[in-house]
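Engineer: Would you mind keeping the following structure in view while I ask a few things?
Nothing in this text is a laboratory measurement; each read-out follows from the coordinates by a stated rule. All of these numbers come straight from a predicted model, not from anything done at the bench. When we count neighbours, we look across all protein chains shown, and the Cβ atoms used for this are built from the backbone with ideal geometry, even at glycine.
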Amino acid sequence: MARGQPCPKKAAPVPYTPAMTTQGTFAGKVVVVTGASSGIGRATALAFAREGASLVVVSRDATTLAEVVAEAGGGAVVAADVTSPETPAWVVNEAVSRFGGIDVLVNAAGIIGTAATDTTPDELYDRMFAINVRAPFRLMREAFPHLKARQGNVVNVSSVNGLRAFAGVAVYCSSKAALDHLSRCAALDWAPHGVRVNCVNPGVTVTNLHTRGGMDGERYAAFLQRAKETHPLGRPGQADEIADAILFLASDRAAWITGDTMAVDGGRHLTCLR
């Protein structure tokens, strides 16, 4: 579609209906989820718990993690900054000592910062890459021997911003594109060992990501309203919808899928410039 040509007419919004679960899909599996205190990470941890997984949840917020574990019916808490040099070994040791290994690693911790290329300070650049790329890389590397031992898999939470370019978020887009490519490279490196690596790439999803990134309540409400126009399915996504995709990629139903970047974005990655 040529630039400036009108986008196709949107379909009427289709509300989200939670997927029917098959209790016990992950029974006996050990799942590590970072960013588990809120948003997509929290929804994912609780979804795995409903399917019988043993959880290791990671976030800086110990109080909220305790609430997640209580709601999940049990699990191990690692209250740590994912960028800390000690965190990967701490997380992996907790999983192995408590539950005997690791079957699934979900890197859901992430941040966003809004700035154009020419106005992004070094500090923001470094922080976004530290959390969005370096932290997943280091935890993947630390977990690999245990994933290899159990032929496990990794699901990294990326973004539609990793697939498409958007103005005003140059470094966020770059960090998510880097995470996508890291995941593809790891998928090739680890395929001979039976370890799969995939990404989910959400569109605008109702979480606290943007408000924690500095967007006030009024701007965020307008942002969600705008998402009804920018997403062909006519609405922003819900965290549980992203969790459904993560569980699929982590499950045996996706046993022949690796190195994929799965857009879960209401069609946002298909749209023209708006």
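Engineer: Report the equivalent ellipsoid semi-axes for region 126-249 in whole Å, largest first, defined as the square roots of five times the eigenvalues of the gyration tensor built from alpha carbon atoms.
Structural biologist: Its equivalent ellipsoid spans semi-axes of 29, 16, 12 Å.
Engineer: With +1 on the Cβ of every Lys and Arg and -1 on the Cβ of every Asp and Glu, and nothing else charged, how large is the dipole of the chain about its Cα centre, in debye rounded to the nearest 20? Kindly include the intermediate steps, with their values, before the conclusion.
Structural biologist: On the way: 26 positive and 24 negative charges, 149 e Å.
Approximately 720 debye in magnitude.
Engineer: I've got another one for you. If amide H atoms are built 1.01 Å from N in the plane of the peptide, which residues on other chains or at least 5 residues away come under 5 Å of the amide H of Gln238?
Structural biologist: Here Val206 satisfy the definition.
Engineer: Helix 239-250 sits at what angle to the longest principal axis of the chain, using alpha carbons and giving 0 to 90 degrees rounded to 10?
Structural biologist: So the helix axis and the longest Cα principal axis differ by about 50 degrees.
Engineer: Using only the alpha-carbon atoms, how far is helix 39-50 inclined from the longest principal axis of the chain? Give it as 0 to 90 degrees, nearest 10.
Structural biologist: 40 degrees
Engineer: Relative contact order for the chain: what percent, with Cα pairs under 8 Å and sequence separation of 6 or more?
Structural biologist: On the way: 543 pairs, mean separation 56.8, N = 274.
Here the relative contact order equals 21 percent.
Engineer: So, by mean Cβ neighbours within 10 angstrom, what's the order for 167-174, 135-142 with the highest one leading? Can you show the working numbers first?
Structural biologist: Values: 167-174: 18.8, 135-142: 20.2.
Ranking the peptides 167-174, 135-142 by packing returns 135-142, 167-174.
Engineer: Pairing the Cα long axis of helix 62-72 with the longest principal axis of the chain, what angle in degrees results, from 0 to 90 and rounded to the nearest 10?
Structural biologist: 80 degrees
Engineer: Hey, fewest Cβ within 10 Å first, where do Glu229, Glu51 land in order? The partial results should precede the final answer.
Structural biologist: Numbers: Glu229 12, Glu51 19.
Going from least to most buried by this count: Glu229, Glu51.
Engineer: Compute the semi-axes of the equivalent ellipsoid of the chain, taking the square root of 5 times each eigenvalue of the Cα gyration tensor, and list them largest first in whole Å.
Structural biologist: Working: eigenvalues 174, 84, 70 Å².
Result for the chain: semi-axes of 30, 20, 19 Å.
Engineer: For region 72-199, what is the relative contact order in percent, using Cα pairs closer than 8 Å and at least 6 residues apart in sequence?
Structural biologist: Working: 172 pairs, mean separation 35.3, N = 128.
Reported relative contact order: 28 percent.
Engineer: Compute the separation of the alpha-carbon centres of region 95-159 and region 27-80 and state it in Å as a whole number.
Structural biologist: Each part's Cα centre sits 16 Å from the other's.
Engineer: Moving to a separate point now. Hey, what number do you get for the chain at 222 nm if only DSSP H runs of n ≥ 4 count, each worth -39500 (n - 2.57), divided across all residues, to the nearest 500? Intermediate values should be presented prior to the final figure.
Structural biologist: Numbers: 9 runs with 111 residues, N = 274.
Mean residue ellipticity at 222 nm (helix-derived): -12500 deg cm²/dmol.
Engineer: Rank by packing, highest mean first: peptides 73-79, 102-108, with packing defined as the count of other Cβ atoms within 10 Å averaged across residues. Before the final figure, lay out the partial values.
Structural biologist: On the way: 73-79: 17.4, 102-108: 27.3.
Per-residue Cβ counts within 10 Å, averaged per peptide and sorted highest first, yield 102-108, 73-79.
Engineer: Looking at the P(r) of region 54-153, how many percent of alpha-carbon pairs lie beyond 22 Å?
Structural biologist: Details: 1746 of 4950 pairs.
I get 35 percent for the Cα pairs in region 54-153 exceeding 22 Å.
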